[in-house]
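Reviewing the structure listed below.
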Amino acid sequence: LLPPPALAAMHNLYARFNTLFGHTGSFLFALVFLVSALSHLALLDKSPEISLDIAHVDFLKRLEREGCDYAHLRFNLDADFTPVWSWNVKHVYVSIVAEYAAKIHGRNDVVVWDKVLARSHGPRLALREVKNKYVFKDRKFGLRGKHVTFRVFYNIVPYMGMLGYKRAGERNFTFPEAYFQSPMD
């Protein structure tokens, strides 16, 4: 007697490869999920050591034609990302954000500087007298005498797993009451 056609077709080469690859794919997916979850959990209680200091303001101008205040500042940043740097970290994106209250929008968040720390450069930053990388303007002339909080944010970019966006440090600063320009301008 011959087996029924359904049973004979179940053991052909195509069906065996399909079963093998299906099980292998499911196992690898579960393994990647487990590794990424464990590496994310390992970083939950760790944070980098950050020290941010606003060195000085180069100038604070009133730009009549654009209808805004324009500031240029310098800062010092010491950061050690060694506690959050692991085998699963591909890059760390670091940014400094100026947060302040505004008349029109309520709260403004302005990115004034950022950097990507690649594995080849290492997990440490020691920056002195660094200029803001991006333009710091406020519409409707609202920077004079303004209390601003500069916050350091970082985003861990893993090889596999979830991105993590966290705040690491902050520094409060008050802009001068009067417009001025440095002698270099």
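The values are calculated or read from the model by the stated rules, or taken from the named source; none is laboratory data. It should be emphasised that the depicted structure is a prediction, and the values quoted were computed from it without experimental measurement. Cβ coordinates were reconstructed from backbone atoms using ideal geometry, including for glycine residues, and neighbour counts include every protein chain displayed. Ligands, DNA and RNA are excluded from the accessible area calculation, which covers all protein heavy atoms including side chains. Shrake-Rupley method; radii C 1.70, N 1.55, O 1.52, S 1.80 Å.
What to note about this one:
- Residues in segment 141-185 that are of a type in the set (D, E, K, R) and more than 16 Å from the chain's Cα centre (by Cα) were compared, and the one that is most open to solvent (accessible area, probe 1.4 Å) is 177.
- Against the criterion of being at pLDDT below 85, open to solvent by 10 Å² or more (accessible area, probe 1.4 Å) and not basic (Lys, Arg), residue 102 qualifies.
- If only residues of segment 44-78 that are within 16 Å of residue 164 (Cβ to Cβ) and at pLDDT 90 or above are counted, the one that is least open to solvent (accessible area, probe 1.4 Å) is 48.
- Number of residues in segment 79-99 that are assigned to a strand (DSSP E or B) and either closer than 23 Å to residue 149 by Cβ or open to solvent by 30 Å² or more (accessible area, probe 1.4 Å) (or both): the value is 12.
- Members of segment 121-140 that are surrounded by 14 or more Cβ atoms within 10 Å (Cβ to Cβ) and farther than 18 Å from residue 54 by Cα: 123, 124, 138, 139
Residue-wise test of (1) touching a Phe, Trp or Tyr at 6+ places or on another chain (Cβ under 8 Å); (2) touching a residue at least 40 places away in the same chain (Cβ under 8 Å); (3) polar (S, T, N, Q).
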| residue | (1), (2), (3) |
| --- | --- |
| 66 | no, yes, no |
| 82 | no, yes, yes |
| 105 | no, no, no |
| 110 | yes, no, no |
| 127 | yes, yes, no |
| 145 | yes, no, no |
| 175 | no, yes, no |
